[in-house]
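> Okay, here's the structure, questions in a sec.
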Amino acid sequence: MSEQSPRPRKPGKPYRRPQKDPVRFLAFEALRAVDERDAYANLVLPPLLRKAREKGDFDARDAALATELVYGTLRKQGTYDAIIASCVDRPLREVDPPVLDVLSLGVHQLLGTRIPTHAAVSASVELARVVLGDGRAKFVNAVLRKVANDDLDTWIERVAPPYDDDPEDNLAIVHSHPRWVVSALWDSLGGGRAGIEDLLEADNERPEVTLVARPGRSTTEELLREEAAVPGRWSPYAVRLSEGGEPGAVAAVKEGRAGVQDEGSQLVALALANAPLDGPDEKWLDGCAGPGGKAALLAAVAAERGAMLLASEKAPHRAGLVAKSLAGNPGPYQVIAADGTRPPWRPGSFDRVLMDVPCTGLGALRRRPEARWRRRPEDLEGFAPLQRDLLRTALESVRVGGVVGYATCSPHLAETRAVVDDILKQYPHTELIDARPLLPDVPALGAGPDVQLWPHLHGTDAMYLALIRRTG
């Protein structure tokens with residue numbers, strides 16, 4: 001099936017101007033920003049929704065539908081691409097990206113929502129008329145009518161290879177992840193079909209919003225008075241907002257006394273803060289502090305103990321975000337813009353050091369579903385030298401007897417254990433600390449001494465943490 005050129009209207013046939021549906025038009029705008037500008041939906045969508053509400057175009061139900069259309073389409077992009085590819089007569093790369101976005105939105109409405117078939121097709125065709133023109137709208141109509149002939153399970157059975165023939169390709173299409181990501185996550189899990197399927201399914205679920213009550217500035221009791229708020233699972237400072245909860249409406253968040261922070265990130269910061277060390281406990285460092293969530297929690301905990309935090313971030317604009325997060329901290333702190341691989345501080349200056357290094361972000365695919373389609377295996381090679389250099393800096397910045405926390409928001413073994421193992425060979429006067437007791441009551445933490453959190457096991461991002469004590 002091919003895109004059709006506009007046909008001249010029959011004489012006497014009245015022309016009907018296409019009607020702009022604000023919800024679907026906004027969803028299309030968001031997808032185009034993600035595709036054209038490499039934007040992230042979680043950054044693009046909120047201002048679009050806010051503008052629509054201010055214009056009076058949207059109510060809460062409209063906003064919820066637009067959000068579902070955007071995130072649902074991005075999460076299932078791989079599955080939907082395979083289905084669309086079977087309905088057109090050319091490679092998908094030859095279909096114009098705006099056309100593909102309209103098709104994907106339509107397929108999601110047909111196969112991923114309860115919107116009636118007729119309404120899903122007609123609304124998508126009307127959107128195509130508005131943003132693409134009548135000719136390409138006919139192409140959209142023809143493709144979606146083919147898709148509408150079967151349900152999602154039937155389509156997957158048709159377009160995915162049998163699991164026994166090619167398990168990785170089967171899982172990639174069924175669960176909408178690139179094949180190389182499926183393989184990497186499977187390796188990190190250590191095998192077994194049930195585990196990888198549970199993880200891939202969890203990656204495609206909409207995550208809850210988790211708040212952190214910053215010690216000395218807010219409490220969980222205060223946050224739990226909010227509508228739709230329930231206690232966190234693991235962190236003593238965590239509160240979860242059930243579906244429909246709006247963090248921007250929470251007074252403590254607006255005032256900076258609390259923040260939005262995944263519970264996995266909270267656990268990593270708290271594990272470092274509570275790790276046993278020898279000697280004084282006065283100077284802490286967050287060496288990759290942007291955008292500031294872990295730094296704000298560490299600074300608040302440090303203040304309770306009479307310690308101070310230096311938060312360092314290379315990018316000046318991200319250092320500004322860190323300063324905003326720490327503003328009002330009850331104890332001493334400092335924020336600087338500095339390159340963590342060429343630090344301005346003296347070696348051995350700190351008692352505790354957190355180095356949450358830049359990485360592929362494969363542990364946060366629930367929140368940034370589009371990242372799975374942007375990352376490539378070769379990205380690992382780009383991050384590897386920086387990750388190792390930053391861990392070296394951390395080990396040289398901590399004093400003898402002090403503790404370093406190496407963290408990533410990626411479970412990929414090349415970004416976690418491979419980095420730690422490589423660098424510890426160069427630093428014989430170090431030892432790994434068992435991090436598991438520092439995450440009390442959190443189950444399924446593995447064999448240790450490092451810790452890997454998982455969305456399907458812990459309801460968190462897939463954060464990794466290794467705690468290292470300098471012994472000489």
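The values are calculated or read from the model by the stated rules, or taken from the named source; none is laboratory data. This one's a predicted model, so the numbers in the text were calculated from it and none came from an experiment. Cβ sites come from the backbone with ideal geometry, for glycine too, and all protein chains shown count toward neighbours. Please note that ligands, DNA and RNA were not included when accessible areas were found on the heavy atoms of the full protein model with its side chains. Shrake-Rupley method; radii C 1.70, N 1.55, O 1.52, S 1.80 Å.
> In the calculated pair distance distribution of the range 290-425, what percentage of Cα-Cα distances lie above 17 Å? Please report the intermediate quantities before stating the final value.
Numbers: 5762 of 9180 pairs.
Cα-Cα pairs in the range 290-425 separated by more than 17 Å: 63 percent.
> Go ahead and run the numbers for FRET between residue 389 and residue 429, Cβ-Cβ distance against an R0 of 30 Å, rounding to 0.05. Present the calculation step by step, with values, prior to reporting the outcome.
Details: r = 19 Å, r/R0 = 0.63.
It comes to 0.95.
> Would you calculate the separation in nanometres between label points at residue 114 and residue 281, each defined as 7 Å from the Cα along the Cα-to-beta-carbon direction?
Reported label-point gap for residue 114 and residue 281 is 5.1 nm.
> Quick one: grab Rg to one decimal and Dmax as a whole number for the range 356-403, Cα atoms only, in Å.
That works out to 14.2, 43 Å for Rg and Dmax.
> Taking the simple approach of a point 7 Å from Cα along Cα-to-Cβ for both residue 230 and residue 205, what is their distance in nm?
Here the answer is 1.1 nm between the modelled labels.
> What is the mean projected area of the alpha carbon convex hull for the range 18-174, to one decimal in square nanometres?
Dividing the Cα hull surface by four gives the mean projection, 9.5 nm².
> What size of dipole, in debye to the nearest 20, comes out for the chain about its Cα centre when the only charges are +1 on Lys and Arg C-beta atoms and -1 on Asp and Glu C-beta atoms?
Working: 60 positive and 66 negative charges, 370 e Å.
Result for the chain is approximately 1780 debye, rounded to the nearest 20.
> At 222 nm, what value in deg cm²/dmol follows for the chain if DSSP H runs of at least 4 each add -39500 (n - 2.57) and the sum is divided by all its residues, to the nearest 500?
About -14000 deg cm²/dmol.
> Suppose R0 equals 51 Å. What FRET efficiency, 1/(1 + (r/R0)^6) with r the Cβ-Cβ distance, do residue 441 and residue 89 give to the nearest 0.05?
0.35
> Sort 409, 87 by heavy-atom solvent-accessible area, probe 1.4 angstrom, most to least. If you can, show how the numbers build up before the last one.
On the way: 409 25, 87 0 Å².
Output order, biggest surface exposure first: 409, 87.
> Put +1 on the Cβ of each Lys and Arg and -1 on the Cβ of each Asp and Glu in the chain; which of 310, 430, 113 then has its Cα farthest toward the positive end of the dipole?
Checking the options against the dipole of the chain, the answer is 113.
> Another question about this same structure. Projecting each Cα onto the charge dipole of the range 295-408 (Lys/Arg +1, Asp/Glu -1 at the beta carbon, about the Cα centre), which of 323, 336, 373 comes out farthest on the positive side?
373
> Diagonalise the Cα gyration tensor of the range 132-223 and give the resulting equivalent ellipsoid semi-axes, square root of 5 times each eigenvalue, largest first, whole Å.
37, 26, 11
> Still on this structure: Where the accessible area of the chain is counted over protein heavy atoms with a 1.4 Å probe, how much of it, in %, is carbon and sulfur?
The C+S portion of the solvent-accessible surface of the chain is 50 percent.
> Also, quick follow-up: Roughly what % of DSSP beta bridges within the chain run antiparallel, to the nearest 5?
55
> Right, here's the next one. How would 339, 187 line up by accessible area, probe 1.4 Å, largest first?
187, 339
> Now, a different point. Using the crude model of +1 on Lys and Arg Cβ and -1 on Asp and Glu Cβ, and no other charge, please compute the dipole size for the range 319-414 relative to its Cα centre, in debye to 20.
260
> By how many nm would the segment from residue 35 to residue 249 grow when fully extended, if each residue of separation counts as 0.36 nm and the alpha-carbon distance is taken off?
Extra length available between residue 35 and residue 249 comes to 74.0 nm.
> So which lysines can residue 76 reach, going by Cα to Cα under 21 Å and dropping same-chain residues fewer than 8 places off?
146
> Under a crude label model (7 Å from the Cα following the beta-carbon direction), how far is residue 42 from residue 418 in nanometres?
Distance between label points: 2.5 nm.
> OK, next. Per residue, how much accessible area does the chain show when a 1.4 Å probe rolls over the protein heavy atoms, in square angstrom?
44
> Please compute the alpha carbon radius of gyration of the chain, then divide it by the globular-protein estimate 2.2 N^0.38 Å. Two decimals is fine. The partial results should precede the final answer.
Values: Rg = 24.6 Å, N = 472, 2.2 N^0.38 = 22.8 Å.
Against the compact-globule rule of thumb, the ratio is 1.08.
> Remind me, relative contact order of the range 96-175 in percent, using alpha carbon pairs under 8 angstrom and six or more residues apart? Mind dumping the intermediate values first?
Numbers: 62 pairs, mean separation 20.3, N = 80.
Result for the range 96-175 is 25 percent.
> Once you keep just the Cα pairs under 8 angstrom separated by 6 or more residues, what percentage relative contact order results for the chain? Mind showing how you got there, number by number?
Working: 856 pairs, mean separation 57.4, N = 472.
So the answer I get is 12 percent.
> In whole Å, what is the distance between the alpha-carbon centres of the range 385-462 and the range 286-362?
18
> Compute, for the range 187-337, the length of the dipole vector about the Cα centre, with Cβ point charges of +1 (Lys, Arg) and -1 (Asp, Glu) only. Units Debye, rounded to 20.
640
> While we're on this one: Give, in nm to one decimal, the length gained when the segment between residue 341 and residue 179 is fully stretched (0.36 nm per residue of separation minus the Cα-Cα distance).
Net length gain for the segment: 55.0 nm.
> If you don't mind, there's one more thing I want to ask. What net charge do the residues around residue 77 carry, taking every other residue with its C-beta under 15 Å from that of residue 77, with Lys and Arg at +1 and Asp and Glu at -1?
+3
> If each residue of separation counts as 0.36 nm, what is the full-extension length gain between residue 150 and residue 374 once their alpha-carbon separation is subtracted?
Details: separation 224, 0.36 × 224 = 80.64 nm, distance 2.97 nm.
Full extension from residue 150 to residue 374 adds 77.7 nm.
> Considering only DSSP beta bridges with both partners in the range 319-472, what is the antiparallel share in %, to the nearest 5? Mind dumping the intermediate values first?
Working: 12 of 18 bridges.
Here the share of antiparallel DSSP bridges comes out near 65 percent.
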